[in-house]
Amino acid sequence: MSTKVVGAVRKAFPDEVIGDHAERGDHTVIVKPGRLVEIVRFLHDDPETDMSHFCDLTVVDWPGRESRFEVVIHLHSLAAGHRIRVKTSVPAQSPVVPSITAVYRGADWFEREAFDLYGVRFEGHPDLRRILLWEGFEGHPLRKDYPKQQRQCPVPLLEDRPGQPPPFPERP
Amino acid sequence: MAVGKSPPAGGSLLVTKVEEAIAWARKFSLFQYPFVTACCAMEFMSAMGPMYDLARFGAEAPRWSPRQADLIWVVGTVTNRQAPILRRIYNQMTEPKWVIAFGTCASVGGFYDNYATLQGIDKIIPVDVYIPGCPPRPEQVLDGLMLLMDRIAREKSSRMRALKELA
């Protein structure tokens with residue numbers, strides 16, 4: 001059903017599309033990050049694709065890959081009922097992706113979450129701050145190399161303080 | 001208070017009885033502040049409801065300001081980001097004050113053994129009674145409350161806990 005969407009993207013951006021695949025009718029198009037905003041704007045504006053609904057934006061960390069962070073965008077057409085998944089990858093050294101908030105205002109908090117948990121920066125985002133964790137959190141916890149047992153707390157813990165008297169007298 | 005003779009070492013009979021009376025009164029008039037964050041709230045409501053009736057123990061009226069409460073129920077998962085809020089609310093409560101960690105998450109973090117969750121509220125505030133369970137049955141809640149009442153009854157009212165503002 002979404003084959004025509006993939007075809008439209010391929011036709012409009014022949015140099016940008018790296019590949020596409022489909023699993024049970026879910027079509028994915030893999031593009032280069034450079035002109036991502038233009039591609040997304042095309043998907044939004046073109047009457048044939050008409051992706052009026054922004055569903056989701058997330059990131060996948062592939063530690064082994066050269067382009068380690070894969071940004072995944074899900075779009076949906078409310079009128080036509082078809083969907084498309086747009087993937088683009090950026091290397092770990094410069095994890096910078098153009099922000100699509102200019103096309104979909106709703107992507108704002110999704111991009112902030114992706115930045116918060118993966119450290120992918122979205123260029124052009126109006127207010128790229130942490131959204132779930134607090135300012136001062138070290139690292140990005142959903143990266144595969146974030147230590148699983150590492151704990152951070154914005155207030156000092158009691159066990160780090162000098163000894164406290166027991167709250168109650170001992171049992172008789 | 002005591003008339004006439006100065007009390008012997010260890011406290012006079014009168015003082016001891018007054019302390020017992022105060023402890024008795026305290027344990028039956030717990031004003032509670034529910035710090036409710038997650039699904040354990042359902043069991044807390046159940047324990048508060050007519051079937052299990054927490055009010056039988058004098059712990060009836062929930063106060064919606066920590067300044068009017070002397071028992072804080074921390075019900076549910078507390079994230080690291082909520083830790084400053086919980087500590088601030090604890091500091092706002094006036095002495096004497098007690099803390100119940102309701103459910104596994106509040107006690108030890110539960111199965112949320114990850115970067116986001118505080119691994120037990122006793123890492124940031126002192127806890128008096130832990131009620132295990134995911135969620136605990138209302139019977140366990142009543143047992144936990146009775147355990148706290150038991151301890152309050154044995155607490156000397158003259159011996160206030162060290163008033164320490166937690167940073």
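Once the other residues with Cβ under 13 Å from the Cβ of A:VAL60 are scored (Lys, Arg +1; Asp, Glu -1), what is the net sum?
Net charge around A:VAL60: +3.
Residues of segment B:38-82 that become at least 50 Å² less accessible with every protein chain present than in their own chain isolated, using 1.4 Å: which are they?
Those residues are B:ASN80, B:ARG81.
Can you give me the angle between helix A:36-45 and the longest principal axis of chain A, using Cα atoms only, in degrees from 0 to 90, rounded to the nearest 10?
60 degrees
Counting only other residues whose beta carbon sits under 15 Å from that of A:SER2, what net charge do I get with K and R as +1, D and E as -1?
Net of charged neighbours comes to +1.
Determine the total buried accessible area between chain A and chain B, counting protein heavy atoms only with a 1.4 Å probe; round to the nearest 100 Å².
Summing both chains' loss of accessible area gives about 2400 Å².
Residue by residue, what Karplus-based ³J(HN,Hα) values in Hz, rounded to whole numbers, does segment A:53-60 have, using 6.51, -1.76 and 1.60 with θ = phi - 60° and x for Gly and Pro?
Values, residue by residue: 10, 8, 8, 7, 9, 8, 10, 10 Hz.
Put simply, what bits of segment B:109-123 lose 30 Å² or more of accessible area when the other protein chains are there, versus the chain on its own (1.4 Å probe)?
Output list: B:ASP113, B:TYR115, B:LYS123.
Run the dipole for the protein assembly as shown about the Cα centre, Lys and Arg Cβ at +1, Asp and Glu Cβ at -1, nothing else charged, and hand back the magnitude in debye, nearest 20.
Magnitude of the dipole: close to 1020 debye.
Counting only protein heavy atoms and a 1.4 Å probe, tell me what percentage of the protein assembly as shown's accessible area is made up of carbon and sulfur.
Carbon plus sulfur share of accessible area: 56 percent.
Report relative contact order for segment B:29-166 in percent, whole number only (criteria: Cα-Cα under 8 Å, sequence separation at least 6).
After rounding, I find 25 percent.
What accessible area per residue comes out for the protein assembly as shown, rounded to a whole number of Å², with a 1.4 Å probe?
Value for the protein assembly as shown: 52 Å² per residue.
Within 10 Å of each Cβ in A:146-156, how many Cβ atoms from other chains are there, averaged over the peptide?
Across the residues of A:146-156, the mean count of other-chain Cβ atoms within 10 Å is 5.
I'd like the Karplus ³J(HN,Hα) series for segment B:97-105: coefficients 6.51, -1.76, 1.60, θ = phi - 60°, whole numbers in Hz, and an x wherever there's a Gly or Pro.
Listing the rounded values in order: 9, 10, 10, 10, 8, 9, x, 5, 5 Hz.
Which lysines have a Cα lying under 20 Å from the Cα of B:LYS97, excluding residues fewer than 8 positions away in the same chain?
Cα-Cα hits under 20 Å: B:LYS27, B:LYS123, B:LYS156, B:LYS164.
Please label the shape of segment B:30-77 as rounded, prolate or oblate, based on the square roots a ≥ b ≥ c of the eigenvalues of the alpha-carbon gyration tensor (a/c under 1.5 means rounded; beyond that, a/b larger than b/c means prolate, else oblate).
Here segment B:30-77 falls in the oblate category.
Counting only C-alpha contacts under 8 Å and six or more residues apart, can you give the relative contact order of segment A:1-158 as a whole percent?
Computed over segment A:1-158, the figure is 18 percent.
Calculated from DSSP H runs of 4 or more alone, at -39500 (n - 2.57) each and per residue, what is the 222 nm mean residue ellipticity of the protein assembly as shown, nearest 500?
-8000 deg cm²/dmol
Shape of segment B:29-166 from its Cα gyration tensor (a ≥ b ≥ c, root eigenvalues): rounded if a/c is under 1.5, otherwise prolate when a/b > b/c, or oblate?
Oblate, since a/c reaches 1.5 and b/c is not below a/b.
The values are calculated or read from the model by the stated rules, or taken from the named source; none is laboratory data. All figures in this text were calculated on a predicted structure; none of them were measured in a lab. As a convention, Cβ positions derive from the backbone with ideal geometry for all residues, glycine included, and neighbour counts pool all protein chains shown. What goes into the accessible areas is simple: the full protein's heavy atoms, side chains included, and nothing from ligands, DNA or RNA. Shrake-Rupley method; radii C 1.70, N 1.55, O 1.52, S 1.80 Å.
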